[in-house]
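Worksheet: the structure to be examined is printed underneath.
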Amino acid sequence: AEHYIGLAIVTAFLVGVFTLVIGVGRMGWVGDFLSRPVMIGFFGGIAVIIIVHQLPGILGVEDGHGRTIARLVQLSGQVKDANIPTLALGAVSLALLLGIARINRRIPGALIVLALSTIAMYVFKLHDDGVAVLGPLDHGLPSFHLPPFSYESIEAVATTVLIIATLCLAQTAATTRSAANLGGFETDVNADFRALGTANILASLVGS
């Protein structure tokens, strides 16, 4: 619904402001608020949720409803209705992604797989076999609009904003420091927070 999308945009803007303020105030220590085991558990949980939500797409069946366990139960009854061309395209794409990553992580595997799958759709006319497509995409540059701010909208998303911002800070700090340790260079986590905050604000202004 349009109202729901508006709330999501307001959330993105406020998360950006929160993160930007932390970066400008040089309060990078906030990124260490959550311990490493908590972060590992949290992102492991996110990985499970993403996989479960993507399984209907790779099988070519309707999306489920409810929480993760309920979706898995629904999916178990839909396996027999899987669209074989969709499943084949998904399996080959996944195999290519994993294979390219093992060869060299510098190779843009996701971009290559996206291009190859698009070509396969056209060459083999997979759309006629029931493989779903995104359809036409909007052209041109995005237009800038302020998020639909109101007291009610800010009140509705305030708790969500705080949770998302805290997790973004923790994830960014962990990623930045891990990359710095692997590369053997110094880093400024506050600069990352400023960049992340600015990116979220600009994204919200174009409706992202």
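The values are calculated or read from the model by the stated rules, or taken from the named source; none is laboratory data. None of these values were measured; they are calculated from a predicted model. Don't worry about glycine lacking a Cβ; one is built from the backbone with ideal geometry, like all the others, and counts go over all protein chains shown. We work out accessible area using only protein heavy atoms, side chains counted, and drop any ligands, DNA or RNA first. Shrake-Rupley method; radii C 1.70, N 1.55, O 1.52, S 1.80 Å.
Take residue 198 and tell me if it is open to solvent by less than 40 Å² (accessible area, probe 1.4 Å), farther than 30 Å from residue 88 by Cα, assigned to a helix (DSSP H, G or I) and of a type in the set (S, T, N, Q). Talk me through it step by step, then tell me what you get.
Values: open to solvent by less than 40 Å² (accessible area, probe 1.4 Å): no; farther than 30 Å from residue 88 by Cα: yes; assigned to a helix (DSSP H, G or I): yes; of a type in the set (S, T, N, Q): yes.
No; evaluated as a whole, the condition is false for this residue.
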| request: Among the residues of segment 83-111, write down those that are of a type in the set (Val, Ile, Thr) and loosely packed, with under 13 Cβ neighbours inside 10 Å. | output: 84, 103, 107
| query | Any idea which of 137, 94, 87 is more than 29 Å from residue 42 (Cβ to Cβ) and at pLDDT 90 or above? | reply | 87
| Considering only residues of segment 174-190 that are closer than 21 Å to residue 25 by Cβ and open to solvent by 40 Å² or more (accessible area, probe 1.4 Å), which is modelled with the highest pLDDT? | 188
